[in-house]
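Notes for the one structure printed next.
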Amino acid sequence: MNSTEKRTELKKLPSLGWGSPKISNIYQYLVWKFCKDPAEVNWPKEISVAKKILSKYSEYNFWGSCDFGFKLNSLCFLLTLKGKYLLACELKKYRFRMEERKKVKLLDEKVGEDYKPKPKPKHKFFNLK
């Protein structure tokens, strides 16, 4: 991807809400989206971790739709076993596509005969055989 394509992809991502600064690259987006207190983190470390994570999961739209349900102290959590499992689950949710149900056209006339069940005795539960 060249720089103009990256900028257009970055603009397509959902905004992070009020209080987030102007974000110039995807690495900053990841830190501001997932870290609990992005103003207090070690930015060089977080950016390098974000680069490692983006080398494996490079789809920008995936990161826009990804939601863990909690904020992280550091992006380093995503490099642990639990973090990798969480990312794999989120990726499966992102890539999952349900097939549309096909409408079946019903025929106007019957194909076979109707099934008529045998009548059962009303007091069958009294028979102990």
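The values are calculated or read from the model by the stated rules, or taken from the named source; none is laboratory data. As the structure is a prediction and not an experimental result, all values here were calculated from the model. Neighbour counts are summed over all protein chains in view; Cβ atoms, including those assigned to glycine, are modelled from backbone coordinates with ideal geometry.
Output the residues belonging to the stretch 77-103 that are surrounded by 10 or more Cβ atoms within 10 Å (Cβ to Cβ) and over 17 Å from W63 (Cβ atoms).
T80, Y85
So which residues in the stretch 1-28 are outside any loop (DSSP other than H, G, I, E, B), modelled with pLDDT under 70 and aliphatic (A, V, I, L, M), if there are any at all?
Result: L10, single match.
List the residue pairs whose Cβ atoms are under 8 Å apart, where the first residue sits in the stretch 38-50 and is in contact (Cβ under 8 Å) with a residue 40 or more places away in the chain and surrounded by 13 or more Cβ atoms within 10 Å (Cβ to Cβ), the second is of a type in the set (G, A, S) and assigned to a helix (DSSP H, G or I), and the two are 6 or more positions apart or on different chains.
Note: no pairs meet the criteria.
Is one or more of the residues making up the stretch 96-119 in a helix (DSSP H, G or I) and under 30 Å from T4 (Cβ atoms)?
no
Of everything in the stretch 29-54, what is touching a Lys or Arg at 6+ places or on another chain (Cβ under 8 Å) and not in a helix (DSSP H, G or I)? Give them in sequence order.
Within the stretch 29-54, C35, K36 meet the criteria.
Restricting to the stretch 60-70, name every residue that is in contact with a Lys or Arg (Cβ under 9 Å, 6 or more places away or on another chain), in a loop (DSSP other than H, G, I, E, B) and surrounded by 14 or more Cβ atoms within 10 Å (Cβ to Cβ).
Passing the criteria: only C66.
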